[in-house]
Amino acid sequence: MPEGDTIHHLANRIRPVLAGHVPDEVATPHPRFGRAGWPERLAGRAVTSVDALGKHLFLRFEEGLTIHSHLRMSGSWRVLDGGRSRPRTAWLALRRGDREVVQLNGPVLELMTESRARFDQRIAGLGPDILAPEFDADRFLRRLREDDPTRPIGDALLDQRTIAGIGNLWKVEGCFEARIDPWRPAGEVSDAEALAIVAACRPRMQQSAADGNQRRHRRIYGRAGRPCPRCGAAIRERGQWEDNRATFWCPACQA
Ligand SMILES: [Zn+2]
């Protein structure tokens, strides 16, 4: 699943194509998507901003209309240059000149008013975005402490109501960098330790959001059985908590 840095990177790629401009064409080609009316509702309206909040992407138009997208496991966005042909499975295409922004496979792709977006609990209930220009550490800690203290810290960090943007990869790498066992109950992780995990993730995620290269930040993710890059012990893997998300950690240097 794309994590916050990937969505922010997408916003950074889409913004120069669309922000401040009226798209030359808005199309909803996929027959099963069936959003008749979008081209008419968006006709003549400029895109005022393209922004990410956690794993959510927003394309905001004049007069208070917003396209809201969440990719979950299956969706994607592409920016096509130089008249490359539009995939026939596209749900949405926004063309300006010879460049086109295309959304594929939803699965969450909806047109809403700004006021609805403000009250929608999937959006309004999000915790502070780890990639916000000013990270709200107090709100993060408050939400973390309101959550189940027996929940492993690695799992608690995935809760988008606590902190928005961290997914499974960053959970693993952040706990590794901060030398904290992802299985330790959240209630036994101090505020300073929780903030150390965020401090490990944030600059790496900012870098990835800027250049789209997430892979180079993988030090232990997907490396079960291989030596820990810090101490040489074998990296372990086990599914975590209710969603059974693959968790990698070093049993020797993460306490
Ligand atoms: Zn180690």
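The values are calculated or read from the model by the stated rules, or taken from the named source; none is laboratory data. In this text the structure is predicted, and so the values were computed from the model without any measurement. Backbone-built Cβ (ideal geometry, glycine too); neighbour counts: all protein chains shown. SASA here: full protein model, heavy atoms, side chains in, ligands and nucleic acids out. Shrake-Rupley method; radii C 1.70, N 1.55, O 1.52, S 1.80 Å.
Which is open to solvent by 70 Å² or more (accessible area, probe 1.4 Å), within 16 Å of the ligand (Cβ to nearest atom), over 16 Å from the mean Cα position of the chain (by Cα) and closer than 24 Å to I163 by Cβ, of A192, A255?
A255
Identify, by number, the condition in (1) open to solvent by 70 Å² or more (accessible area, probe 1.4 Å); (2) within 16 Å of the ligand (Cβ to nearest atom) that G232 doesn't meet.
Going through the list (1) open to solvent by 70 Å² or more (accessible area, probe 1.4 Å); (2) within 16 Å of the ligand (Cβ to nearest atom), G232 breaks only (1).
Between a residue in region 50-61 that is among the basic types (K, R) and any residue that is at pLDDT 95 or above, which pairs come within a Cβ distance under 6 Å, given they are 6 or more apart or on different chains?
K55/G4; K55/I7; R60/T48; R60/S49; R60/T66
Can you tell me how many residues in region 108-159 are under 30 Å from R179 (Cβ atoms) and within 18 Å of the chain's Cα centre (by Cα)?
Selection size over region 108-159: 18.
Tell me which of these V172 doesn't satisfy, since it passes every other one: (1) under 21 Å from R151 (Cα atoms); (2) more than 15 Å from the ligand (Cβ to nearest atom); (3) surrounded by 22 or more Cβ atoms within 10 Å (Cβ to Cβ).
Of the numbered conditions (1) under 21 Å from R151 (Cα atoms); (2) more than 15 Å from the ligand (Cβ to nearest atom); (3) surrounded by 22 or more Cβ atoms within 10 Å (Cβ to Cβ), the odd one out for V172 is (2).
I'd like to verify a number: residues in region 1-20 that are at pLDDT 95 or above and either open to solvent by 20 Å² or more (accessible area, probe 1.4 Å) or in a loop (DSSP other than H, G, I, E, B) (or both), how many?
10
Could you please find all residues in region 149-172 being among the charged types (D, E, K, R) and over 15 Å from Q240 (Cα atoms)?
The answer is R161, and nothing else.
Pick from region 53-86 the residues that are open to solvent by 20 Å² or more (accessible area, probe 1.4 Å) and among the aliphatic types (A, V, I, L, M): which of them is nearest to V17 (Cα to Cα)?
L53
For region 62-74, what are the residues that are among the charged types (D, E, K, R) and touching a residue at least 40 places away in the same chain (Cβ under 8 Å)?
R72
Which residue is farthest from D51 (Cα to Cα), if the candidates are limited to region 235-248 and must be surrounded by 14 or more Cβ atoms within 10 Å (Cβ to Cβ) and more than 9 Å from the ligand (Cβ to nearest atom)?
Among them, the one singled out is R236.
Taking the stated definitions as given, is D159 of a type outside the set (S, T, Y), assigned to a loop (DSSP other than H, G, I, E, B) and more than 13 Å from the ligand (Cβ to nearest atom)?
yes
Name the residues in region 114-139 that are in contact with a Leu (Cβ under 8 Å, 6 or more places away or on another chain) and either loosely packed, with under 14 Cβ neighbours inside 10 Å or of a type outside the set (V, I, T) (or both), would you?
Within region 114-139, E114, L126, D129, A137 qualify.
Scan region 178-189 and tell me whether some residue there is away from the ligand (no atom under 16 Å from the Cβ), open to solvent by 30 Å² or more (accessible area, probe 1.4 Å) and β-branched (V, I, T).
No - not one qualifying residue is present in region 178-189.
Are any residues in region 21-38 surrounded by fewer than 16 Cβ atoms within 10 Å (Cβ to Cβ), of a type outside the set (D, E) and farther than 17 Å from T89 by Cβ, and if so, which ones?
Residues satisfying the conditions are H21, V22, A36, G37.
Looking at A200, A224, A210, which one is at pLDDT 95 or above, within 16 Å of the ligand (Cβ to nearest atom) and either open to solvent by 70 Å² or more (accessible area, probe 1.4 Å) or assigned to a loop (DSSP other than H, G, I, E, B) (or both)?
A224
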